[in-house]
Amino acid sequence: MTAAEPLDLYRAATRNSARSAGFYNSNVRVDTPSGPMVVRIPIPGADVMDLRIWPEYQVLGAVASYVEHVPKLVHVSQEPMFQVYEFVPGDLLDDVAPRGVEVPRFVLTDVIELFTQLTRVPRDHLPPSPSWWPDDGDTAGFANILSSVTRDVWDRFQDEFASLYRELGVPSDPLEPVLEGWKTLHSRPFRLVHSDVHRKNMILCDGHVVFLDWELALWGDPVYDLAVHLHKMAYQPAEQDAVVRRWQERLPRELTAGWQQDLPTYLTHERVKSAIVDAVRYAKLFAVGGLSSQREKQLVRSLTGKVNAARAIWGHDRMFDDAKVEAVLRRRASG
């Protein structure tokens, strides 16, 4: 690839309206004579709702020799900011097996293999952590950083979205049960954690899974990575049991010590975080408009599940149905 070609790809990507987008980046397929590429472009002004400590391209460079199925990074540009990856052919897991549908059997195997491979990435192959990062094994310090990011989201949006939060039953101190749980966490050695392994970040390709989106990777507690995965995947009960069992069997014992007590604690944070963060994200999507009826139903169904999971933590007896959540979102969008 010559020096001019990446910019040509970038320009082609910016002219292309057919793109997939997460909350932080747009991904655009661009066909070239040597094959398709994906141009990954940051979304200007995206609300920061997650903990990020490293540039994604640095993480991918570090894991390439240790993690088998990751996208191949071709080019990185700082000005303008974008990355170029080789296109991964295949099907997004979320299209093949959305929430409520069992995943192909090999997916569970590949997920456990990923978590196992992450434990083998040497610390000195990864970028330096921020000066304020907790010492190895300080799981309570690590967890408190996670909840401080969620607290920041709550502090930034609680006034603007006060009526939305009130109607959804978010209490005045939604993180109180989370902070109580952090006090009892067991100490475990830190390892590389992906922090975002879910159906929309997994491509099924030639009988294996390619794992995408490494921008939320951290040096932290492996039990947290499992908790995020279980929370976002919403497995069927037998699938979840299989993942947890295999995870415990495959990872070194020192990395799983005390997981039975600490996994529910991390899940409590993820459920509270999802309600706080996604209520704002989905309300903004409804306010912008232009969503298909199917997409609206997907968002409503998703937020209903997330809000109800958090409401149980906050002590609410009554759960919401989709109609209630949709009405709340539409009131916010119209007002």
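The table below lists the values:
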quantity	calculated
Estimated dipole of region 1-147 in Debye, rounded to 20 [Cβ of Lys and Arg +1, of Asp and Glu -1, Cα centre]	320
Inter-centroid distance (Cα atoms) of region 318-335 relative to region 244-290, Å	24
Radius of gyration and maximum dimension Dmax of region 4-86, Cα, Å	13.1, 38
Cβ-based net charge around R271, under 14 Å, with every Lys or Arg adding one and every Asp or Glu removing one	+1
Residue-averaged [θ]222 nm for the chain, counting only DSSP H segments that reach four residues, each worth -39500 (n - 2.57)	-15500 deg cm²/dmol
Paired Rg and Dmax values of region 43-143, which use every Cα atom, in angstrom	16.7, 43
Lysine-lysine proximity count for the chain, Cα under 26 Å, sequence distance 8 or more or distinct chains	25
Equivalent-ellipsoid semi-axes of region 189-257, from the Cα gyration tensor, Å, largest first	19, 16, 11
Distance from region 124-140 to region 1-63 (C-alpha centre basis), Å	27
Dipole magnitude of region 172-325, debye to nearest 20 (Cβ charges: Lys/Arg +1, Asp/Glu -1, about Cα centre)	280
Ascending count of other beta-carbon atoms within 10 Å, so fewest first, for V30, V67	V30, V67
Peptide ranges 123-133, 102-112, 220-230, 299-309 listed from the most packed, as the mean C-beta count within 10 angstrom indicates	220-230, 299-309, 102-112, 123-133
Region 71-122-region 189-226 distance, computed between alpha-carbon centres (Å)	7
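Computed from the coordinates by the stated procedures, all read-outs in this text should not be read as laboratory data. These numbers come from a predicted model, not from an experiment. A quick note on method: Cβ atoms are made from the backbone with ideal geometry, for glycine too, and the neighbour counts reach across all protein chains shown.
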